[in-house]
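**Student:** If you scroll down you'll find the structure; I have some questions about it.
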Amino acid sequence: MYEIRIHGRGGQGAVMAGGILATALVLEGKYVVAVPSFGFERRGAPVSSYLRFDEREIRQMTNIYHPDCVLCIDPTVARAVNVFEGVKDGSVLLQTTSKPLGDFQLPPQIATVGLCDAVAIALDIFKRSITNTIMLGAFARTTGLVSLASLQAAIQKSEFRDAGLKQNMAALERGYNATEVHRIERKVAA
């Protein structure tokens with residue numbers, strides 16, 4: 001089973017991103033459980049969403065405490081919450097940022113990092129910093145766990161069907177193409 005924790009801020013679409021990714025994975029024949037996190041969140045407050053998928057049926061419906069992948073759709077959310085809490089060895093980090101890899105302090109469990117300046121792309125396309133579909137493109141590019149075509153089909157099935165469909169399709173593709181993927185080489189102690 002592969003587990004993903006999505007971090008963002010209220011109003012940015014972290015829960016919607018989980019739903020679109022879940023639909024794309026189902027289209028590829030995977031079993032998926034998406035667990036949205038609702039509570040006292042308000043616009044701008046840190047929020048998270050959870051998704052797990054597998055080749056076989058999933059019965060676990062809990063939040064994700066030990067993710068294989070952390071997807072941050074907001075560049076500042078790591079200042080408010082520990083996005084690395086509980087990450088497994090060999091994990092993937094996807095980060096909305098304009099900073100280079102060298103500016104990040106990564107725990108030793110992180111093996112792959114996908115960096116995308118999604119805010120700049122969002123401001124260009126949407127005229128506001130809504131980065132969720134952009135970062136789904138970054139997820140596809142960095143992990144290879146879902147195809148861009150399946151994400152496009154999922155967006156067509158989403159609530160973007162009418163308003164914003166063309167923009168979100170462009171955002172997804174630009175996120176995919178603009179993401180820098182880094183493999184982290186860790187030195188093993190003798």
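We did not get these values from a lab; they are worked out from the coordinates using the rules stated. This is a predicted model, so every value here is computed, not measured. In this analysis, Cβ positions are derived from the backbone assuming ideal geometry, glycine residues included, and neighbour counts consider all displayed protein chains.
**Student:** Provide, for the chain, the number of lysine pairs with alpha carbons under 20 Å apart, each pair being eight or more places apart or on different chains. Could the numbers behind the result be given before it?
**Tutor:** Working: Lys30/Lys157; Lys88/Lys187; Lys127/Lys166; Lys157/Lys166.
Value for the chain: 4.
**Student:** When the helix-only estimate is applied to the chain (DSSP H runs of n ≥ 4, each -39,500 (n - 2.57), divided by the residue count), what is the mean residue ellipticity at 222 nm, nearest 500 deg cm²/dmol?
**Tutor:** Working: 6 runs with 62 residues, N = 190.
Roughly -9500 deg cm²/dmol at 222 nm, from the helical runs in the chain.
**Student:** Follow-up question, since we're still on this one. Give the Rg (one decimal place) followed by the Dmax (whole number) of the range 1-135, computed from C-alpha coordinates and expressed in Å.
**Tutor:** For the range 1-135, the Cα radius of gyration and maximum Cα-Cα distance read 14.4, 41 Å.
**Student:** Sort 134-141, 20-27, 86-93, 69-76 for me by packing, meaning the mean count of neighbouring Cβ atoms within 10 Å per residue, highest on top.
**Tutor:** Working: 134-141: 28.0, 20-27: 22.1, 86-93: 18.2, 69-76: 23.6.
Top of the packing list down: 134-141, 69-76, 20-27, 86-93.
**Student:** While we're here: Given R₀ = 25 Å, what would the calculated FRET efficiency be for Ala45 paired with Glu85, taking r from the Cβ atoms and rounding to 0.05?
**Tutor:** 0.90
**Student:** Would you please put 174-183, 100-109 in order of how densely packed they are, using the mean number of other Cβ atoms within 10 angstrom per residue and starting with the highest?
**Tutor:** The packing order, highest mean first, is 174-183, 100-109.
**Student:** Suppose we keep just the DSSP beta bridges with both residues in the range 2-183; what percent of those would be antiparallel, to 5? List each step's numbers first, then the result.
**Tutor:** Working: 18 of 33 bridges.
Counting DSSP beta bridges with both partners in the range 2-183, the antiparallel share is about 55 percent.
**Student:** Given a Förster distance of 22 Å, report the FRET efficiency between Tyr65 and Tyr31 from their Cβ-Cβ distance, rounded to the nearest 0.05.
**Tutor:** With a Förster radius of 22 Å, E is 0.65.
**Student:** Hull surface divided by four, with the convex hull built on the Cα atoms of the range 85-189: how many nm²?
**Tutor:** Values: hull surface 29.8 nm².
That works out to 7.5 nm².
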